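Okay, structure first, notes after.
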Amino acid sequence: MRSLCIPVILAPLVVAAPKSATPVQPWSEYRVHDVSRPHPVKVSGGKCVCTPAPSDALVIFDGSGTEAFSVKWPVRDGAMVAGKKNTRTKEEFGSCQLHLEWRVPEGREVKDQKGGNSGVFLMGLYEVQVQESHTNVTYADGQAAAIYGQTPPRVNASLPQGEWQSYDIIFHAPEYGEEGMEKPARVTVIHNGVVVQNDTELHGPTVFRKIAKYPKKHPDKAPLMLQWHNDPIEYRNIWVRPLD
């Protein structure tokens, strides 16, 4: 088992921004993207859980057409390859169960947040990070399966670059009343069969280098979004079960 101190020592070498450049999170003792934040312990034994879509699920991508998306990323060997810009589902969702599989192409050079980066945005607002984190070191709240800029995963269940990985996500949308947000969003993430976010509270929509906070108004449903971060991350077997 790798010592927790090793990633902390390495992180400043690959993360350009000093920790003093961002505000302290009210829910933790760390700054947003804090390079001194301990990295989750790496665990072995996980594997891609290639679950077929249940009969009551809405299939978003099955290896063929991309008609369910606003931007048609290219399809190669049954995988949808990130390209050009973000893509969103035409269908809108609130609380849901989401399954998808992803991989960073083998042999691609990855360093910190470059080379192996994408993201899954629930309601187009709340990002579960997609990132090469088997060997690549970056700030803890920006590694694979982190709630980006908010909460690192409990453990690092990442597989080697070039291998397919799975996310099973259970998302509960925030609840709003006349006075605004009454109950925050929560998410559970299972990465390669390993629970890495356990009913984690979301502190607001994803923002970069800032403190997340909820807006006064919020949609009941919104599209899912896959992020284009200049890296050709591959996706397959995407399906959703609404939990409204």
Taking region 157-244 as the region of interest, what is the percent of Cα-Cα pairs per 10 angstrom bin, listed from the shortest bin to the one with the maximum distance?
-> 13, 38, 36, 11, 1
State the percentage of accessible surface on region 154-196 attributable to carbon and sulfur atoms; use a 1.4 Å probe and exclude ligands, DNA and RNA.
-> 46
Rounded to the nearest 0.05, what FRET efficiency do VAL41 and LYS111 have when you use their Cβ-Cβ distance and R0 = 22 Å?
-> 0.50
In Å and whole numbers, how far do the C-alpha atoms of region 84-181 stretch along each principal axis, longest first?
-> 50, 27, 23
Any chance you could list P(r) for region 13-147, counting all Cα-Cα pairs in 5 angstrom bins from zero, rounded to whole %?
-> 2, 8, 15, 19, 20, 15, 11, 7, 3, 0
Of the peptides 23-29, 128-134, 146-152, 81-87, how do they stack up when ordered by the mean number of other Cβ atoms within 10 Å, highest first?
-> 128-134, 146-152, 81-87, 23-29
For the chain, what is the Kirkwood hydrodynamic radius in Å, using each pair of distinct C-alpha atoms?
-> 18.1
So, counting K/R as plus one and D/E as minus one, what does the shell of residues with Cβ under 12 Å around VAL120 add up to?
-> -2
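Please compute the per residue accessible area over region 82-125 with all protein chains in place, 1.4 Å probe, rounded to a whole number of Å².
Per-residue accessible area for region 82-125 comes out at 44 Å².
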Principal axis box of region 194-244, alpha-carbon based, largest edge first, Å = 35, 31, 25
Report the extension gain between PHE208 and ASN230 in nm, rounded to one decimal, defined as 0.36 nm multiplied by the number of residues separating them, less their alpha carbon distance.
-> 6.3 nm
Report, to the nearest whole %, how much of the accessible area of region 34-73 belongs to carbon and sulfur atoms, 1.4 Å probe, protein only.
-> 58
What is the Cα radius of gyration of region 124-208 over 2.2 N^0.38 Å, N being its residue count?
-> 1.14
Using DSSP to define loop residues, name the GluC sites (Glu not before Pro) in region 166-202 whose beta-carbon has at most 10 other beta-carbon atoms within 10 Å.
-> GLU178, GLU179
Taking the alpha-carbon centroid of each part, what is the distance from region 18-91 to region 134-154 in angstrom?
-> 12
Which of the pairs LYS90/LYS213; LYS183/LYS216; LYS183/LYS221; LYS84/LYS114; LYS42/LYS111 have their Cα atoms more than 22 Å apart in this structure?
-> LYS90/LYS213
Reported to two decimal places, what Rg/Rh ratio describes region 39-116 when computed on Cα atoms with Rh from the Kirkwood expression?
-> 0.99
Enclosed volume per residue, in Å³, of the convex hull spanned by Cα atoms of region 151-199 | 84
Which of the peptides 113-125, 38-50, 188-200 is most tightly packed, and how do the rest follow, going by the mean number of other Cβ atoms within 10 Å of each residue?
-> 113-125, 188-200, 38-50
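The values are calculated or read from the model by the stated rules, or taken from the named source; none is laboratory data. On a predicted model such as this, the values are computed, not experimentally measured, just so you know. Note that each Cβ is placed from the backbone with ideal geometry, even for glycine, and that neighbours are counted across all protein chains shown. In case anyone asks, the SASA skips ligands and DNA or RNA and just uses the protein heavy atoms, side chains included. Shrake-Rupley method; radii C 1.70, N 1.55, O 1.52, S 1.80 Å.
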